[in-house]
Each structure stands twice: as C-alpha cells, then as structure tokens.
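A.B. asks: Supplied in structure tokens, the structure appears directly below.
The values are calculated or read from the model by the stated rules, or taken from the named source; none is laboratory data. What you see is a predicted model; the values in this text were computed from it and never measured. Here Cβ is always computed from backbone atoms with ideal geometry, including for glycine, and neighbour counts include all displayed protein chains. The area values use the complete protein model at the heavy-atom level, side chains included, leaving out ligands, DNA and RNA. Shrake-Rupley method; radii C 1.70, N 1.55, O 1.52, S 1.80 Å.
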Amino acid sequence: KEPTLGNPQNTIAVLQKYNFMFQKKFGQNFLIDTHVLDKIIRSAEITSGDMVLEIGPGIGTMTQYLAQAAGKVIAVEIDKALIPILEDTLEGFENVTVLNEDILKVDVAGLAQRENGGRPIKVVANLPYYITTPIIMGLFENHVPVKSITVMVQKEVAERMQVGPGTKDYGALSLAVQYYAKPYIVANVPPNCFMPRPKVGSAVIRLERYENPPVQVDDEKLMFKIIRASFNQRRKTLANGLKNSPELDYTKEQVEAAIDSLGKGASVRGEALTLEEFATLSNYLGRSKV
Ligand code: SAM
C-alpha cells in the first residue's frame, strides 16, 4: 500500500478529524515533507527481510513508508490519544504492530528475540528530542541486537555524536556512540519540515553498529566511568578529573602513572584523548588496582 501522509494537507486533515492536541511534554513534531521521509528510508537501507523498530510513530507518517519497505514494523508510541489515529492511518498496512508503551520501559532485546528470532533489527525514528540520549544508549548498553539506528535528532546532538577530539562538541556522548557504532550525518533538516516547527535545527544521523568494538577494553564499565569523570570537569586537567571523581578510587600516583603511560604530559585534558587512548588509560588503571 502507498503512503498517504507526509504532506501538510493530509496531516492537518488527520489532526482535525481527531481533534488532536499536540503534547509538548512528548516532543511531538510531526514530519510533513516527503523528500525528508524518502531520504530517511533510503539511508536506513531497509529491505523486505528487515524488522524495523520505530520509536514514536506519531500519526503514522514514517510508519507508512517503513511498512512499504520492511518485512515487519513494530511501532512504540507513548501517547494513547494517537492509538486510534494510528489504527486509522495504518489500516491496510498489514505488517505493522503498534504498541502503546514508553520506549524506555520496553524490553527491546526481548522484543527482537520474540519478533525477529534474535536477528539484528533496524531502528528508524524521528525521535522525541527530550530522551534522545537515554534511548540510544539504552539500545547499545542493553546489548539489543541492532544492525543500524537511523534517527532524526537535534542538530547539535548529531554533531556531538559524530565529532572527534579537539572540537568543542566532543564529549562523553561522542565516545559512547563511537565505541558502539560508526556515525554518519545523512542530512540536515530545517524546522519547516515539521508540524509544529521545533525551535532547533534537526539532522538525520545513521549509526552503524560495529560487530566488534573498534578498541580493546578489559572493563567497559570502568572505561565509561573514566570518560564521565574526564568530561565532568571541563577545562580541568584529566588528572584532576580522575582524582576527584566519586565513581573512581585510585591514588594520585596511580592516576599520574596511567596518564604518563599515554605519553601526553601531566596537564593533558580529557577533550584531547581519542577513544583508543581512553581504552589504554582504562586498561592501565584497571590493572593497577590492588
Ligand atoms: N514519527 C512521527 C513523525 O515523524 O511524524 C512523530 C515523531 S515526534 C518527533 C516523536 C513521537 O514520539 C511522538 O509521537 C511522541 O508522542 C512519541 N514519544 C514521546 N516520548 C515517547 C516515549 N517515551 N516512548 C514512545 N514514544 C514516545
């Protein structure tokens, strides 16, 4: 079945038919541009063999496009006012299941197991921006089998995910994302492609999950504690960040020896380290514990 939504006229018609009220707290900005929808679908490289998880289908605009391309679509929507609308707009799209749930409470790994035999799924969404980071990190940290994540996010957040050391946007999110996946910004999307218009610019980013992490880490949890400690105190040295962290328990000597092992000098800052250097630092500190 062909998509019917994705333009302003039909979106307004659906909203009026159901007298739908936008809920700011759910980050509702619906796509009204077919070019953007086509671009998302193309860059997600969906085939009829794929199971797609869509987070926040709204009135089902992107869901219609996904249903056309994928084998199966599971769409998770928190707002119960949208459920009758989705039943209407997705009528005839037989491969779609809508779940009225909060995505942060869904066992996505279990869902992939039940619905896709544990094979990797693709996640595609125009995300609610207020929970972008917990959604993406939840998928990675809970070891959900994902092949790729193709999502609309706030432009600044897309940039933070993609940049490397030495830029102002580089931080804990960049490192966390880049440990699990290869990021690629697919498109910048202006506010007029949405209804209502968001106050911020948006971008579509594709995260392609690595089969094996790009660096060798003995203890992932320790590395992420170290990363958080290094960026908690921006403009301070890495040594101070690590010594002052409530999450870490290393002596001044251990911290200094670990930093020395990077060959960077004692006044180096966290912002200057690559993922590989954080891995080295973490392995060194992990082994220095008595
Ligand atoms: N996919 C639609 C589109 O592109 O037009 C809507 C995108 S809108 C930016 C985000 C959607 O996520 C809204 O429908 C909102 O109700 C839903 N949402 C917000 N928080 C959610 C949560 N915790 N779990 C599931 N859906 C959520």
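A.B. asks: Report whether or not Pro198 is surrounded by 15 or more Cβ atoms within 10 Å (Cβ to Cβ) and in a loop (DSSP other than H, G, I, E, B).
C.D. replies: Yes, satisfied.
A.B. asks: So Leu5 ticks every box in (1) free of Cβ contacts under 8 Å to residues at least 60 places away in the same chain; (2) open to solvent by less than 50 Å² (accessible area, probe 1.4 Å); (3) closer than 17 Å to Asn126 by Cα; (4) not aromatic (Phe, Trp, Tyr) but one. Which box is left unticked?
C.D. replies: So the condition that Leu5 fails would be (1).
A.B. asks: Please name all residue pairs, on different chains or six or more residues apart, with Cβ atoms under 7 Å, provided the first residue is in segment 37-59 and is within 25 Å of Asn100 (Cα to Cα) and the second residue is acidic (Asp, Glu) and crowded, with 24+ Cβ neighbours inside 10 Å.
C.D. replies: Filtered contacts from segment 37-59: Gly56/Glu77; Pro57/Glu77.
A.B. asks: Next question, about the same structure. Can we say Thr133 is within 13 Å of the chain's Cα centre (by Cα) and modelled with pLDDT under 95? Write out each step before concluding.
C.D. replies: Values: within 13 Å of the chain's Cα centre (by Cα): yes; modelled with pLDDT under 95: yes.
So Thr133 passes the test.
A.B. asks: So which residues in segment 73-95 are open to solvent by less than 30 Å² (accessible area, probe 1.4 Å) and either free of Cβ contacts under 8 Å to residues at least 40 places away in the same chain or closer than 25 Å to Ile131 by Cα (or both), if there are any at all?
C.D. replies: Val73, Ile74, Ala75, Val76, Glu77, Asp79, Leu82, Ile85, Leu86, Leu90
A.B. asks: Got a number for residues in segment 251-284 being within 26 Å of Met161 (Cα to Cα) and either in contact (Cβ under 8 Å) with a residue 60 or more places away in the chain or among the aliphatic types (A, V, I, L, M) (or both)?
C.D. replies: Looking only at that region, the number is 14.
A.B. asks: Residues of segment 117-157 being within 13 Å of the ligand (Cβ to nearest atom) and open to solvent by 70 Å² or more (accessible area, probe 1.4 Å), which ones?
C.D. replies: Tyr130
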